[in-house]
Amino acid sequence: MDAPVNEDWQRRYQILQNIQQWEFTGRIAVRDDIEAQNSRIRWRQQGDNFVINLWGALNIGATEIIGSPEQVRLQQEGQDPLITDTPEQLIRDQLGYELPVSNLEYWIKGIPAPDGEPELVFNEFNQLISLQQSGWQIEYLGYTNYQLETLPTRIRMQKPPLQLDFVRLSWTLGTTE
């Protein structure tokens, strides 16, 4: 708890938006009307490129998703890789979910995505505790200080029938631009 809490949302937003290299590990729970699945997750972001590793996701074993602006590649243990143009298309094709994966890069850091009109609710420390955007309700249920700023450690994202819970997020930050 060595980083100061930022009292000014615009300054806080700029700091978080400028973090272009980061990684977190934790757990993700995915629920819909039919089933619930849990997985360990590691997400590494470097600018527009990302690598997401999942273990035990939807009973499919180890999974790696590698993305860039040009393509997204899904590699599941023991299977041929799948390649698509967007992460949203990959999730829709493989899991049948409508999930705005491109927005997650922002939402996971505790800021709204650049597109769409967000509805924001803050706590007394000007931390985002609730965000509505693109038909999704995002709740920030826990924060911890990391270097320059506080980052979420527990997040719930909902758009019925889908619910995603990110828990026990442990962050490593790269340099800011």
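The values are calculated or read from the model by the stated rules, or taken from the named source; none is laboratory data. Keep in mind the model is a prediction, meaning the values are calculated, not measured. Quick reminder, even Gly has a Cβ in these numbers, built from the backbone with ideal geometry, and neighbours come from all protein chains shown.
Summary table below
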| quantity | calculated |
| --- | --- |
| Qualifying residue in the stretch 37-45 (condition: farther than 25 Å from LEU173 by Cβ, without any contact (Cβ under 8 Å) to a residue 24 or more places away in the chain and either assigned to a loop (DSSP other than H, G, I, E, B) or hydrophobic (A, V, I, L, M, F, W, C) (or both)) | no |
| Filter result for the condition that a residue is within 15 Å of the chain's Cα centre (by Cα), closer than 18 Å to ILE52 by Cα and part of a loop (DSSP other than H, G, I, E, B), over LEU104, LEU99, LEU164 | LEU99 |
| Single match in ASP85, ASP93 (criterion: over 28 Å from ALA36 (Cβ atoms) and either out of contact with any Pro (no Cβ under 9 Å at 6 or more places or on another chain) or touching a residue at least 12 places away in the same chain (Cβ under 8 Å) (or both)) | ASP85 |
| ASN126 being assigned to a loop (DSSP other than H, G, I, E, B), surrounded by 13 or more Cβ atoms within 10 Å (Cβ to Cβ) and of a type outside the set (Gly, Ala, Ser) | yes |
| Residue pairs meeting the criteria (Cβ under 9 Å; at least 6 apart or on separate chains; first at positive phi, in the stretch 129-154; second outside any strand (DSSP E or B) and at pLDDT 90 or above) | SER134/ASN103; SER134/ALA113; SER134/PRO118 |
